[in-house]
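Undergrad: The following block contains the structure, expressed as structure tokens.
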Ligand code: AMP
Ligand code: MG
């Protein structure tokens, strides 16, 4: 039985990053950047006004106050979208709108609230500070700056930044294609009737959703029966993708042929047993360089082992520079007993209250109790030697990207 950290290292070392493709900016949301993005421009391109007001030389108004305003002559107006056509000389000011370039000869903008205009003149009631209300050329980004780095996942902020520097076509990593298959004579799929000897196939759907969440494209291959022929056929189909996930049939039972058939396909088996709970019989290997996971069939085991091993593998394959979920410290709310020996991923609900995370388990933790996953937004990660946790104790909690309740 390999410790988790060691098994994860073996997995990640076997993963190669996929190739790239070019997509229009609008289609790059949720994808992973496969190029560094540079700016070819200065933004703002010129010093510009942060306020509606008057552009002037600060020297001329340094004595201005409510009682002794300074009067200047308005010689022009600049709006956003226009360029100034005049420069400012002694005794003059130019009316300016937010975002408009500041005219030559000016160093300060006084906001309109601190002025009063009459005819072609304006009274300035406040000196403020030299340079006030001017946004400097390049304060957002300068020519040659790196805007985003390879491996960044693209969301709203990144999309906006790329639009800002005029990037209309983006090089991103290809999304991994992941073949998802379930095994078991007892399984009935969604379109089948659940008779007394059948249980519903939930793994294919839960795992496909996990694949999407990890940036992959799942292909549900359906159910292979517990015969060599059926497994041979489905696993053969499963080798068409970038990764194959098989659930069930990897323990030591009489009809657990998955490992045998993978051997027929020439698998380079890296391990088949990891010290993780739930999910101890977990097989991992490569067929023709393609990673294959034999996930244990119990629904919670399948999902937990995917989270811990297949998810970071997929993220790496998809070019992500950051492949792990956030891990936070949380205060235990309820006593929880454990059997030592394996790292335990306890399905849990974490919430945020008065400056810290609080955590409790979702209840019964059997590896077949899928409801423990349905209610969870996190895992308490308990090390192999842990026998119990007590209220008030601080434990490590892995967040799952689900909503977290804030407040009381
Ligand atoms: P196995 O790993 O094949 O021994 O399966 C362990 C347990 O997980 C058995 O009780 C199976 O019925 C259950 N199981 C296996 N595959 C699935 C699946 N696709 N959906 C739901 N439960 C499953
Ligand atoms: Mg089975």
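Each reported figure results from applying straightforward, stated rules to the coordinates on display, with no laboratory input. Small disclaimer: the values here were computed from a predicted structure and weren't measured. Quick reminder, even Gly has a Cβ in these numbers, built from the backbone with ideal geometry, and neighbours come from all protein chains shown.
Undergrad: Run the numbers on the chain and let me know its relative contact order in percent, using alpha-carbon pairs under 8 Å that are six or more apart.
TA: Relative contact order for the chain comes out at 16 percent.
Undergrad: Here is a further query. Run lengths n ≥ 4 of DSSP H only: what is the helix-derived mean residue ellipticity at 222 nm for the chain, with -39500 (n - 2.57) per run over all residues, to the nearest 500?
TA: -4500 deg cm²/dmol
Undergrad: Top mean-square fluctuation among 132, 186, 307, Gaussian network model of the chain, C-alpha springs under 10 Å?
TA: Most flexible of the set in this elastic network: 132.
Undergrad: With r as the distance between the Cβ atoms of residue 90 and residue 116 and R0 = 22 Å, compute the FRET efficiency 1/(1 + (r/R0)^6) and round to 0.05.
TA: Taking R0 as 22 Å, the efficiency between residue 116 and residue 90 is 0.60.
Undergrad: Relative to the longest principal axis of the C-alpha atoms of the chain, give the angle of the C-alpha long axis of helix 203-213, reported between 0 and 90° and rounded to the nearest 10°.
TA: 20
Undergrad: Neighbouring Cβ atoms within 10 Å as the yardstick, rank 306, 293 fewest first.
TA: Ascending Cβ contact count within 10 Å gives the list 293, 306.
Undergrad: Further question: Mean 1/r over all different Cα pairs, inverted: what Kirkwood radius does region 327-406 give, in Å?
TA: 12.5
Undergrad: Would you mind checking the tilt of helix 4-14 against the longest principal axis of the Cα atoms of the chain, expressed as 0 to 90 degrees and rounded to 10?
TA: Once rounded, one gets 80 degrees.
Undergrad: Ok, one more. Once the Cα atoms of helix 228-238 and of the chain are each reduced to a long axis, what angle between those two axes, in degrees from 0 to 90 to the nearest 10, is obtained?
TA: Approximately 10 degrees, to the nearest ten.
Undergrad: Moving on to the next point. Among 361, 182, 153, rank each residue by its count of other Cβ atoms within 10 Å, from fewest to most, as a rough exposure measure.
TA: 153, 361, 182
Undergrad: So if I restrict to the alpha-carbon atoms in the chain, what is the Rg, and what is Dmax, the biggest pairwise distance, in Å?
TA: Cα radius of gyration and Dmax of the chain are 31.1, 98 Å respectively.
Undergrad: Based on other C-beta atoms within 10 Å, arrange 54, 357 from fewest to most.
TA: 357, 54
Undergrad: Quote the FRET efficiency, to the nearest 0.05, computed for residue 186 versus residue 17 with a Förster distance R0 of 60 Å and r equal to the Cβ-Cβ distance.
TA: Given R0 = 60 Å and the Cβ-Cβ separation, E is 0.95.
Undergrad: Determine the equivalent ellipsoid of region 1-159 by diagonalising the alpha-carbon gyration tensor, then write out the semi-axes as square roots of 5 times the eigenvalues, largest first, rounded to whole Å.
TA: Equivalent ellipsoid of region 1-159: 53, 17, 12 Å, largest first.
Undergrad: Using DSSP, restrict attention to beta bridges with both residues in the chain and report what percent are antiparallel, rounded to the nearest 5.
TA: Taking every DSSP beta bridge within the chain, about 65 percent pair in antiparallel fashion.
Undergrad: Then there is this: What is the distance, in nm, between label points placed 7 Å from the Cα along the Cα-to-Cβ direction at residue 322 and at residue 66?
TA: Taking the two extended label points, one gets 4.8 nm.
Undergrad: Rounded if a/c is under 1.5, else prolate if a/b is larger than b/c, else oblate: which is region 48-135, with a ≥ b ≥ c the root eigenvalues of its Cα gyration tensor?
TA: It comes out prolate by the Cα gyration axes.
Undergrad: With a Förster radius of 51 Å, plug the Cβ-Cβ distance of residue 136 and residue 388 into 1/(1 + (r/R0)^6) and report the FRET value to the nearest 0.05.
TA: 0.30
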